[in-house]
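For reference, the structure is listed below as structure tokens.
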Amino acid sequence: MKTKSIAILTMWLAMLSMDGMAQTTRQEYKDILDIQLTPGAPRRQNGCFTDMGSWMGFTLSEKEKPTAGFCGPFSIYYRNWYARSLVSLIDGTVQEQSYYPGEIRMSLKKDGADFYENLQFVDARTVLLTVTNPSKVPFTFTADSISTRANVSRCKNRVTIGDFSGERVIIDFPQEVKVTDTDHNYLATVPGGVEQLTIAISLVEQDTEASVQHVHTASLLANPKVALDENEKRWNGYLKKVIRDDMPAEYNRVAAKSIVTLLSNWRAKRGALYHDGIVPSHAVGYFVGCWAWDCWRFSAGMASFFPELAKDNIRVMFDYQQPDGMIIDCIYPDASENNYRDSKPPLAAWAVNEIYEHTKDLAFVKEMYPKLLKYHKWWYEKRDHDKNHICEFGSVDGTLEAAAWESGMDNAIRFDGTKMLQNGKDAWSTDQESVDLNAYLSLEYTLLKKFAGLLGEPFDLPDCRGLVADYFFDQKDGFFYDRRLDADRSFVREAGCEGYIPFWANIATPKQFAKARKLLDNKKKFSTFIPFPTIAADNPKYNPQGYWRGPIWLDQTYYGIKGYRNYGEKKKAEILQLLMLKPSLAILDETDSGLDVDAVRTVSKGVEEYQKSMDGALIIITHSTRILESLKVDKTHVLVSGQ
């Protein structure tokens, strides 16, 4: 799913190297995501405006089905709408609405008067609605279509709507507003002369939470500017750490969109989630939990701009580390939904290292090191069938279904025909050793050894890294494959995205990379319209809608492009990024510099693909005519001595 992988773009975009002007305030990123959805619309929800780990979200109404207020809130946990619009301006009509990082805005008209609304989260439970009324005319709010499943009650200026299994929403109006009861609703009348007011909307679960929230809300409403200024500072801080001056505006917008998507999926600790974490997608009910390898990648992506959440997002999975060291597949607020049948690819040490490199927080490394070491050892104890220091994916319950889940590639073609082998009481392996798993473990070994050195700890694990690259590389095809646990250790010759993980992990030799280029650069295999499908595009089983049997996943594309960079192919990596992001204007600066004839030809083909697939502009800056000889250009400008 795109939503599960988009977070990796924040890290990926930090590697680009083209010129542009950076905009580092959220005001520059209007309509950053499309969240238009009026409750009751017969279509799938794309997502909400939500922030700070809150379990509630809001949307902007559809033009065809307008509401005179922000839609919602929506309960992300219970998947229910509390109202079509909880605070709606009576007789108001929407003029404009927009979504900026960390806030949504709306302008309305009523009887010729203008109203401006702004909604911002100030913590996991609370959102502040600021209403500006320049004309200072009197007006009235009510709720539009409160859920019939919810109870409505009022105490002075506080309206409570609930409850869904104990969860409820509380609206606190300021003292100058007169709040009265109506049938399953309320009226909030604002007298004339009020130019601006702030309303607090809170989501709570228990009576004790509600009593604490009342005190907190009163403090917020007494001086809302402090919390709202902090929200502005926080979001501009995220952007400042990621947005780059040497990026085109379009690339920086993708980076900003990635941050917004990532933090929209931040959920605060709740129930059996003992730390805050990032869920794959709050828009899809079964993804509102924490999944191991998603958490590792999300944390790596957040390390540069929100390391504290990145740390908690790792801790939340290690809260469920098993006595034998295993990290389970996924966890939920309701622990009965947790999946203990399998683990996920071992990328936790990589995520911890990304956090360390950005923060130099040795205390966090010290906290995680023994847990990471225990998890690393688990793979060789429970997933090495023949004890040759080469591991297999597997499962606790002996099913191939769970073993495929453990790889992260649930229905990958390489597992067609795979059988299960028992290693012990609760340990099973597939009958094939997987190249991506062992590449991950090799990288993990390197990082664990690094951590041990930083901490002054002894490190005596056997070094199996030298076995991996040669063992999994098929000289005949010039590519990395899984191998069967049969007498011949035959290759599973289904060229897929697992085959370029050794290049990302930097364990392959330069000669192996040179040979693999024949497949990687082949337009019929991996150098496709959008590069790096999960299986070679000319495979008879390739299915563009087939989950892991063809579609492009952004994390795997990142691994592929990073592999090119690791082996000195910076220019080719830029072309692949260009094909992936499809900007309307791209600037390639000295793309052919230092390349041989064949490499220039390869880069030229990538530029041609961009020209064919995009109705955009391309500027090539070069000190040589070689690349121009391979391309059809519209205009050539020659500069001599700056003229």
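Things to note:
- Which numbered condition residue 114 misses (of (1) farther than 27 Å from residue 222 by Cα; (2) touching a Ser or Thr at 6+ places or on another chain (Cβ under 7 Å); (3) surrounded by fewer than 19 Cβ atoms within 10 Å (Cβ to Cβ)): (1)
- Leading residue by the ranking (farthest from residue 83 (Cα to Cα)) among those in region 187-216 that are small (Gly, Ala, Ser) and in a loop (DSSP other than H, G, I, E, B): 193
- Applying the condition of being more than 21 Å from residue 321 (Cα to Cα) and among the acidic types (Asp, Glu) to region 373-428 and asking which residue is nearest to the chain's Cα centre (by Cα) yields 410.
- In summary, residue 476 fulfils each of the numbered conditions (1) surrounded by fewer than 24 Cβ atoms within 10 Å (Cβ to Cβ); (2) outside any loop (DSSP other than H, G, I, E, B) with the single exception of condition (2).
- Boolean, residue 380 is part of a helix (DSSP H, G or I), open to solvent by 10 Å² or more (accessible area, probe 1.4 Å), under 23 Å from residue 503 (Cα atoms) and not acidic (Asp, Glu): yes
- Filtered residue count, region 486-496, keeping only those that are buried (at least 24 other Cβ atoms within 10 Å of the Cβ) and assigned to a loop (DSSP other than H, G, I, E, B): 1
- Residues that are open to solvent by less than 20 Å² (accessible area, probe 1.4 Å), over 24 Å from residue 284 (Cα atoms) and β-branched (Val, Ile, Thr), drawn from region 68-109: 87
- Residue match in region 243-264 (condition: of a type outside the set (Asp, Glu), in contact with a Phe, Trp or Tyr (Cβ under 6 Å, 6 or more places away or on another chain), closer than 27 Å to residue 354 by Cα and buried (at least 17 other Cβ atoms within 10 Å of the Cβ)): yes
- The sole residue among 499, 546 that is assigned to a helix (DSSP H, G or I) and either within 21 Å of residue 407 (Cα to Cα) or within 27 Å of the chain's Cα centre (by Cα) (or both) is 499.
- Considering residues of region 265-293 that are touching a residue at least 60 places away in the same chain (Cβ under 8 Å) and among the β-branched types (Val, Ile, Thr) only, the residue surrounded by the most Cβ atoms within 10 Å (Cβ to Cβ): 278
- Residues satisfying the stated conditions in region 296-342, i.e. open to solvent by 30 Å² or more (accessible area, probe 1.4 Å) and charged (D, E, K, R): 308, 312, 315, 319, 324, 334, 337, 341
For (1) open to solvent by less than 10 Å² (accessible area, probe 1.4 Å); (2) of a type in the set (Ser, Thr, Tyr), each residue gets a yes or a no:
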{"site": "142", "(1), (2)": "no, yes"}
{"site": "156", "(1), (2)": "no, no"}
{"site": "174", "(1), (2)": "no, no"}
{"site": "184", "(1), (2)": "no, no"}
{"site": "191", "(1), (2)": "no, no"}
{"site": "200", "(1), (2)": "yes, no"}
{"site": "205", "(1), (2)": "no, no"}
{"site": "209", "(1), (2)": "no, no"}
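- Near pairs, Cβ below 6 angstrom, 6+ apart or cross-chain, from region 556-571 (of a type in the set (S, T, N, Q)) to any residue that is open to solvent by 50 Å² or more (accessible area, probe 1.4 Å) and not in a helix (DSSP H, G or I): 566/506
- Listed by first and then second residue, the pairs with beta-carbon distance under 7 Å, at least 6 apart or on different chains, first residue in region 515-531 and within 14 Å of residue 503 (Cβ to Cβ), second in a loop (DSSP other than H, G, I, E, B) and open to solvent by 40 Å² or more (accessible area, probe 1.4 Å), are 519/525.
- Residue match in region 406-421 (condition: under 23 Å from residue 307 (Cβ atoms), open to solvent by 20 Å² or more (accessible area, probe 1.4 Å) and not β-branched (Val, Ile, Thr)): no
- The one condition in (1) at pLDDT below 95; (2) surrounded by fewer than 19 Cβ atoms within 10 Å (Cβ to Cβ); (3) of a type in the set (Ser, Thr, Tyr) that residue 527 fails to fulfil: (2)
- Qualifying positions in region 121-140 - open to solvent by less than 10 Å² (accessible area, probe 1.4 Å) and under 30 Å from residue 309 (Cα atoms): 121, 126, 127, 128, 129
- Filter result for residue 369 (open to solvent by 10 Å² or more (accessible area, probe 1.4 Å) and not in a loop (DSSP other than H, G, I, E, B)): yes
The values are calculated or read from the model by the stated rules, or taken from the named source; none is laboratory data. Note that the coordinates shown come from a computational prediction; the quantities given were computed from them, not determined experimentally. All Cβ positions, glycine included, derive from the backbone under ideal geometry; neighbour counts span all protein chains shown. All accessible areas refer to the heavy atoms of the entire protein, side chains included, with ligands and DNA or RNA removed. Shrake-Rupley method; radii C 1.70, N 1.55, O 1.52, S 1.80 Å.
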